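Values in this text are rule-based calculations from the coordinates and carry no lab data. What you see is a predicted model; the values in this text were computed from it and never measured. FYI the Cβ positions are ideal-geometry reconstructions off the backbone, even for glycines, and counts take in every protein chain you see.
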Amino acid sequence: MERQLTIPGMIDPHVHLRGLDWSHKATFATETGAALAGGYWAVLDMPNTPPTTTTPAALDSKLDAIGSQAVCDWGVYYGASQNDNAVTYAQVIGRVCGLKIYNNATTGTLLIDDQVQRAHHYRRWPKDRVIAVHAEGETVRDILALVVQYRVPTHFCHISTAEEIGFLREAKAQGLPVSVGVTPHHLFLTEDDARALGALGRMKPELKRRADQAALWRAIEDGVVDVVESDHAPHTLAEKASDDPPYGVPGLETTLPLLCTAVRAGRLTVDRLIELVALGPQRLFDLIPPDGTYTVVDVETSFAIERSRLRTQCGWSPFEGMRVSGRVCEVWIRGRQVFDGEHVLAAPGSGINLFDQGGQGA
Ligand code: NCD
Ligand code: ZN
Ligand code: ZN
């Protein structure tokens, strides 16, 4: 294996950058810097941070804030809301990467647990644009029924159990337009680690059994999994130390090293790694990396994951202490070096919205 690996246009299609009313957790500036340190060209931001991205006005304020702070390229999801914001889809479609529907309880207020309401959003969203779903267990089947009916390309986020993988393997065999994302925490941690991690191992979906973890790795091997997404969800250590710690863990800076470590251990091929972090997400969102957009990673030098070396504002990781290999050496975007292994070289606001079609949308 070559010591240095060059990966074209890495994309993390599932991050919560925070900012706006949750800037005490993290900001667009800090977390897009963490994305570059993690090797990413682009990140796609979720809508559950307050004010939720469920109105054109809230979308405008998020686009302004990210637009002025981002050091990597980006996209944002619009969120489906309970009070029927489908009438606003036409206004926002030309500026967002997709629609996110939260179908089970998690961080934030965007839960839609009524199948009739879900169907309404599926009916109104354009058939050629992605819907990403938070769906766990039987809810995966509820959503698959909507995919059968409405044929909207649907990305199933952070799939974590053998049972869910089974539902999705069958859906793919039937030719349904579905894609599957798994997270590094479900690939590298289990409920056995949850006890030691305490609140730092608390996230949705929760850490699962070894048999579930093994099913995720098998699904990576046989192609049922399309992408590895960090589900980067920073919360402060003080919040995690509280009586009711919030769900979510950071992951932008540890995903590539963990996967490189799996390559060295013979659990993953280099080709599959590049599929999962770059080509897969590019295909899902119809993105082609611009010329001169790539990451160079040293896959041999090993190091321990330490909070003191992380850029994320929350300043901790559920993987602390793990020995990994895969140090990001360089990130280039559009022919400019934006990260040199230690420093972010890009100016705030130099990252662009990859889904800006100009004007006010559709
Ligand atoms: C996410 C968050 O904190 O925003 N939390 C999590 O545990 N994954 C929300 C989500 O992705 O469900
Ligand atoms: Zn989720
Ligand atoms: Zn998430």
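A compact table of results
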quantity	calculated
Relative contact order for segment 4-339, counting Cα pairs under 8 Å that sit 6 or more residues apart, in percent	21
Of Ala278, Leu146, Val133, farthest towards positive along the dipole that unit charges on Lys, Arg, Asp, Glu beta carbons give the chain	Leu146
FRET efficiency, 1/(1 + (r/R0)^6) with R0 35 Å, evaluated for Glu320 and Asp286 via beta carbons	0.45
Links that overshoot a 20 Å alpha carbon limit, given the list Lys127/Lys172; Lys172/Lys204; Lys25/Lys204	Lys172/Lys204
Inter-label distance, nm, simple model (7 Å from Cα along the C-beta direction), Val270/Thr301	1.9
Alpha carbon centroid spacing (whole Å) that separates segment 171-242 from segment 286-350	21
Percentage relative contact order, segment 15-126, counting C-alpha pairs under 8 Å, at least six apart	24
Residues listed by number, segment 270-314, amide nitrogen under 14 Å from Thr6 label point at 7 Å toward C-beta	291-298
Karplus 3J(HN,Hα) series, Hz, for segment 94-110 with 6.51 cos²θ - 1.76 cosθ + 1.60 (x for Gly, Pro)	x, 10, 10, 8, x, 10, 10, 10, 8, 9, 9, 5, 7, 4, x, 10, 8
Ordering of 206-216, 340-350, 244-254 by packing [mean C-beta count within 10 Å, highest first]	244-254, 206-216, 340-350
Among beta bridges that DSSP assigns inside segment 1-81, antiparallel share in %, nearest 5	10
Shape category assigned to the chain from the gyration tensor of Cα positions, a/c cut at 1.5	rounded
Under 5 Å, built H, 5+ apart or other chain: amide partners of Gly251	His232, Ala233
Helical mean residue ellipticity (222 nm; -39500 (n - 2.57) per DSSP H run of 4+; nearest 500) of the chain	-8500 deg cm²/dmol
Antiparallel bridges, percent of DSSP beta bridges restricted to the chain (to nearest 5)	40
Karplus 3J(HN,Hα) series, Hz, for segment 56-62 with 6.51 cos²θ - 1.76 cosθ + 1.60 (x for Gly, Pro)	x, 5, 5, 5, 4, 5, 5
Which of Leu268, Leu354, Leu36 has the fewest Cβ neighbours within 10 Å, and the rest in rising order	Leu354, Leu268, Leu36
Karplus 3J(HN,Hα) series, Hz, for segment 276-290 with 6.51 cos²θ - 1.76 cosθ + 1.60 (x for Gly, Pro)	5, 9, 9, 5, x, x, 4, 5, 4, 10, 6, 10, 10, x, x
Long-range HN-HN contacts of Gly326 with modeled amide H, under 5 Å	Glu300, Thr301
Separation in nanometres of the label points that stand 7 Å from Cα toward Cβ, at Asp340 and Arg169	4.9
